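The values are calculated or read from the model by the stated rules, or taken from the named source; none is laboratory data. What you see is a predicted model; the values in this text were computed from it and never measured. Cβ sites come from the backbone with ideal geometry, for glycine too, and all protein chains shown count toward neighbours.
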Amino acid sequence: MLVTQGWSSYNWTDIFRPATLPMYAFEQGIRLRANINDSSGQESTYVVHALDNQEPQYIEVNENETAFTVNNVFLNEKDKIHLSKINKKDELEPAKLYLQAFPSTIPSLDVTNEILKPKSPYGIFASLKNVQISFENINKVQQLEEVVVKTVLERTMIRARMLSEGRQGRVQVVDENDRIQFQTLANFLNFRSRMRASDVNGRLIVNQLGAGRPTIYLDDMLVLDTSLLYLFPLNNVDYIESARVNVGGTINGNSGYLKIYTDYTNRGSKANAQSTQYYSLPLTFSTKKKYYTPKYRYYNDDFYKGYGIVDWKPVLTADNNGNISIKILQPEVPITLFIEGIANDDSFIFEEKTISLN
């Protein structure tokens, strides 16, 4: 072919070059290289403690190895990874490792493509069309000095607010000071809640002040025998939710409820801090964000007709007949449905459908 069509029309390098491979593996987590600082030269076992979406790992290291690798670590932002070493007594101790993460930064993209020119500013035109600007008192304007107000919220308070969203009762997060001071769940309820509790005859007795005994749940499971909670260690409690009155009613009438949520890993406790070593990675994964529908000043102008978002419906699942039902506010203009998802054969779905609701 090269001879008949002319040598100058073809390039041997381009024709016989192997196919271009992707620079990075698809949907891979962060790879960690743990450098061992221990010079004893003995066989050791290290523990990578469980993350929110991964089980713990046990890694055997030979006497001649100076490092080991942990693959596919999916660490969310603001979380830390904890590592321990198993000593000769089969006890956990801090790992004392030097950790390196790959990748550690997001590479910069050298893009030279031309950017699309923006369309005419519909939003600015719509908002300024009827605005009247007066300059009569411009000389009387006084520029004020900038005032910056800063505050630092405790991590426990921030988490309690997040957990309270969509809940009826009052959420209280157990922190390290509570675990040290109260030791048991009953003591915590007496001093930190609106309930009175006691460990009597092998059972946990809880009473609402003036409202009877509440219904008790442990990790959203109904507790019929409170002997399970007798002398329950506060070190195993993550947070509680309590309410004096339950709108839906419970098996104990309308005397409220107490929901106890456990955390047996308890990564933040001092007991764990003595047996683990934690690391903050320079690059982590973002947590799942909550999308919302924007609010607009006008719902019939050119900007809303071209770019307005009517609603957002994530993580929809089809029924047995393959149908999906959604509800949205009836718009005043025709709308376009952007349908994206993954089919049963792992193929990607993307469709646009323009409809008009009268």
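Data table
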item: Qualifying positions in region 163-186 - crowded, with 17+ Cβ neighbours inside 10 Å, in contact with a Leu (Cβ under 8 Å, 6 or more places away or on another chain) and not hydroxyl-bearing (Ser, Thr, Tyr); result: Val171, Val173, Val174, Asp178, Arg179, Phe182, Leu185, Ala186
item: Filter result (part of a strand (DSSP E or B) and hydrophobic (A, V, I, L, M, F, W, C)) within region 333-355; result: Ile335, Leu337, Phe338, Ile339, Ile342, Phe348, Ile349, Phe350, Ile355
item: Qualifying positions in region 20-52 - modelled with pLDDT of 70 or more and in a loop (DSSP other than H, G, I, E, B); result: Gln28, Gly29, Asn37, Asp38, Ser40, Gly41, Gln42, Glu43, His49, Ala50
item: Failed criterion for Asn266 (all others in (1) out of contact with any strand residue (DSSP E or B) (no Cβ under 6 Å at 6 or more places or on another chain); (2) modelled with pLDDT under 85; (3) surrounded by fewer than 17 Cβ atoms within 10 Å (Cβ to Cβ) hold); result: (3)
item: Subset of region 48-72 (residues that are out of contact with any Phe, Trp or Tyr (no Cβ under 6 Å at 6 or more places or on another chain) and hydrophobic (A, V, I, L, M, F, W, C)); result: Val48, Ala50, Leu51, Ala67, Phe68, Val70
item: Pair list, Cβ under 6 Å, 6 or more apart: region 86-111 residue without any contact (Cβ under 8 Å) to a residue 60 or more places away in the chain and under 19 Å from Ala67 (Cβ atoms), other residue part of a strand (DSSP E or B) and among the β-branched types (Val, Ile, Thr); result: Ile86/Thr45
item: Condition met for Val315 (assigned to a loop (DSSP other than H, G, I, E, B), of a type in the set (Val, Ile, Thr) and in contact with a Lys or Arg (Cβ under 8 Å, 6 or more places away or on another chain)); result: no
item: Matching residues, region 57-104, being of a type in the set (Val, Ile, Thr) and either touching an Asp or Glu at 6+ places or on another chain (Cβ under 7 Å) or not assigned by TED's automatic domain parsing to the domain that holds Val47 (or both); result: Val61
item: Residues located in region 60-79, provided they are of a type outside the set (Phe, Trp, Tyr) and surrounded by 15 or more Cβ atoms within 10 Å (Cβ to Cβ); result: Val61, Val70, Val73, Leu75, Asp79
item: Qualifying residues in region 281-332 (those that are among the β-branched types (Val, Ile, Thr) and under 30 Å from Leu83 (Cα atoms)) - the one nearest to the chain's Cα centre (by Cα); result: Thr287
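Residues are listed down the side, and each one gets a yes or a no for (1) touching a residue at least 60 places away in the same chain (Cβ under 8 Å); (2) surrounded by 19 or more Cβ atoms within 10 Å (Cβ to Cβ); (3) not basic (Lys, Arg):
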position: Asp199; (1), (2), (3): no, no, yes
position: Gly202; (1), (2), (3): no, no, yes
position: Ile205; (1), (2), (3): no, no, yes
position: Gln208; (1), (2), (3): no, yes, yes
position: Leu222; (1), (2), (3): no, no, yes
position: Leu231; (1), (2), (3): no, no, yes
position: Asp238; (1), (2), (3): yes, no, yes
